[in-house]
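Undergrad: This structure is in structure tokens; I'll ask about it shortly.
The values are calculated or read from the model by the stated rules, or taken from the named source; none is laboratory data. Computed from a predicted model, the values in this text were never measured in an experiment. No Cβ is skipped: glycine too gets one built from the backbone with ideal geometry, and neighbour counts run over all protein chains shown.
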Amino acid sequence: MHKIQRQLHVDHHHLQRLLNCLTTEIDCYDFDSKRAADLAVILSALDYVDTYPDKWHHPSEDIIFDRLLEKDVKESKLIEQLKQEHKEIILETGKIHQLFDMVANDCIVPADELLGGARHFITLQRKHLEKENEFVYPLMDVLFDAEEWKAIESEIKIQDDPLFKKQSKKEFEHLYQYILDLENEH
Ligand SMILES: [Fe+2]
Ligand SMILES: [Fe+2]
């Protein structure tokens, strides 16, 4: 497996872990929650989505998806839809980031709006990556040879994941520890 493909694949696994963490904290806005949400964790998770998946993962997929589209695969319609969802996901990240920034600044945001927006965001992300895993990622194994990967490599600059990559956790240290603790509880 080419290193770009591997990184994208690992990103999905990491994103799922991050979405589990976000789900746990978002649920604290539900009326029957036993504790208050950890706003610092939510904001850090959204900062991460902003800096890595939205800036590297989706744009890199767009480059790869365009090459798959050139090959006239039967999944073309789905691939177009996934490209559209990348735009939607980035917009949604911005929207809920803004809502939670408002909360952090003591502005009143109805719990329904927070819950609705955040849950929509999480579902959109989960469904999106499941479709990619099931229908699109396997195409890369079949349709790209070493030469094509070389061409892709010249278009995509590999970037380190600032949360999950061992050497670069400083900025997201608290969030990373939160994710590990949460996984240990289950
Ligand atoms: Fe994607
Ligand atoms: Fe993806």
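Undergrad: What is the number of the single condition among (1) within 21 Å of H14 (Cβ to Cβ); (2) surrounded by 14 or more Cβ atoms within 10 Å (Cβ to Cβ) that I158 does not meet?
TA: It is condition (2) that I158 fails.
Undergrad: Consider I108 carefully, then state whether it is modelled with pLDDT under 95, over 23 Å from T51 (Cβ atoms) and either loosely packed, with under 11 Cβ neighbours inside 10 Å or within 18 Å of the chain's Cα centre (by Cα) (or both). If you could, list the steps in order and put the result at the bottom.
TA: On the way: modelled with pLDDT under 95: yes; over 23 Å from T51 (Cβ atoms): yes; either loosely packed, with under 11 Cβ neighbours inside 10 Å or within 18 Å of the chain's Cα centre (by Cα) (or both): yes.
It is true that I108 is modelled with pLDDT under 95, over 23 Å from T51 (Cβ atoms) and either loosely packed, with under 11 Cβ neighbours inside 10 Å or within 18 Å of the chain's Cα centre (by Cα) (or both).
Undergrad: Could you give every pair whose Cβ atoms fall below 8 Å, whose first residue belongs to segment 52-80 and is over 15 Å from E153 (Cα atoms), and whose second residue is crowded, with 16+ Cβ neighbours inside 10 Å and of a type in the set (S, T, Y), counting only separations of at least 6 or pairs across chains?
TA: D54/T93
Undergrad: Still on this structure, please answer the following. Looking at segment 17-54, which of its residues are of a type in the set (F, W, Y) and more than 21 Å from G116 (Cβ to Cβ)?
TA: In the first step, residues of segment 17-54 are kept if they are of a type in the set (F, W, Y); the result is 29, 31, 48, 52.
Within segment 17-54, Y48, Y52 meet the criteria.
Undergrad: Suppose the filter is under 15 Å from the mean Cα position of the chain (by Cα), outside any helix (DSSP H, G or I), within 16 Å of ligand 2 (Cβ to nearest atom) and not charged (D, E, K, R); does F164 pass it? Before the answer, list the steps.
TA: On the way: under 15 Å from the mean Cα position of the chain (by Cα): yes; outside any helix (DSSP H, G or I): yes; within 16 Å of ligand 2 (Cβ to nearest atom): yes; not charged (D, E, K, R): yes.
In short, yes.
Matching residues to (1) part of a helix (DSSP H, G or I); (2) touching a helix residue (DSSP H, G or I) at 6+ places or on another chain (Cβ under 6 Å); (3) modelled with pLDDT of 95 or more:
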{"site": "M1", "(1), (2), (3)": "no, no, no"}
{"site": "L8", "(1), (2), (3)": "yes, no, yes"}
{"site": "H12", "(1), (2), (3)": "yes, yes, yes"}
{"site": "C21", "(1), (2), (3)": "yes, yes, yes"}
{"site": "A40", "(1), (2), (3)": "yes, no, yes"}
{"site": "H58", "(1), (2), (3)": "yes, yes, yes"}
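Undergrad: Okay, next question. Go through V136, V142, V103, V49 for me and flag whichever is at pLDDT below 95 and part of a helix (DSSP H, G or I).
TA: Numbers: V136 fails: at pLDDT below 95; V103 fails: at pLDDT below 95; V49 fails: at pLDDT below 95.
Of V136, V142, V103, V49, the one residue that is at pLDDT below 95 and part of a helix (DSSP H, G or I) is V142.
Undergrad: Exactly one condition in (1) farther than 24 Å from R6 by Cα; (2) buried (at least 17 other Cβ atoms within 10 Å of the Cβ); (3) among the charged types (D, E, K, R) is not met by K95; state its number.
TA: With (1) farther than 24 Å from R6 by Cα; (2) buried (at least 17 other Cβ atoms within 10 Å of the Cβ); (3) among the charged types (D, E, K, R) applied to K95, the lone miss is (2).
Undergrad: Also: Condition first: within 16 Å of ligand 1 (Cβ to nearest atom) and free of Cβ contacts under 8 Å to residues at least 12 places away in the same chain. Can you find one or more residues in segment 94-107 that meet it? Break it down stepwise before answering.
TA: From segment 94-107, those within 16 Å of ligand 1 (Cβ to nearest atom) are none; that's our starting set.
For segment 94-107, residues within 16 Å of ligand 1 (Cβ to nearest atom) and free of Cβ contacts under 8 Å to residues at least 12 places away in the same chain: absent.
Undergrad: Give me the residue from segment 114-139 that is away from ligand 2 (no atom under 12 Å from the Cβ) and within 17 Å of K3 (Cα to Cα) and, out of that set, surrounded by the most Cβ atoms within 10 Å (Cβ to Cβ).
TA: L139
Undergrad: Could you tell me which of the residues E148, E130 is over 22 Å from L91 (Cα atoms), modelled with pLDDT of 95 or more, part of a helix (DSSP H, G or I) and out of contact with any strand residue (DSSP E or B) (no Cβ under 7 Å at 6 or more places or on another chain)? Can you show your working first?
TA: Details: E130 fails: over 22 Å from L91 (Cα atoms).
Of E148, E130, the one residue that is over 22 Å from L91 (Cα atoms), modelled with pLDDT of 95 or more, part of a helix (DSSP H, G or I) and out of contact with any strand residue (DSSP E or B) (no Cβ under 7 Å at 6 or more places or on another chain) is E148.
Undergrad: Give segment 55-88 a look and list any residue that's buried (at least 18 other Cβ atoms within 10 Å of the Cβ) and within 22 Å of H120 (Cβ to Cβ), or say none.
TA: Scanning segment 55-88 gives H57, H58, E61, L82, E85, H86.
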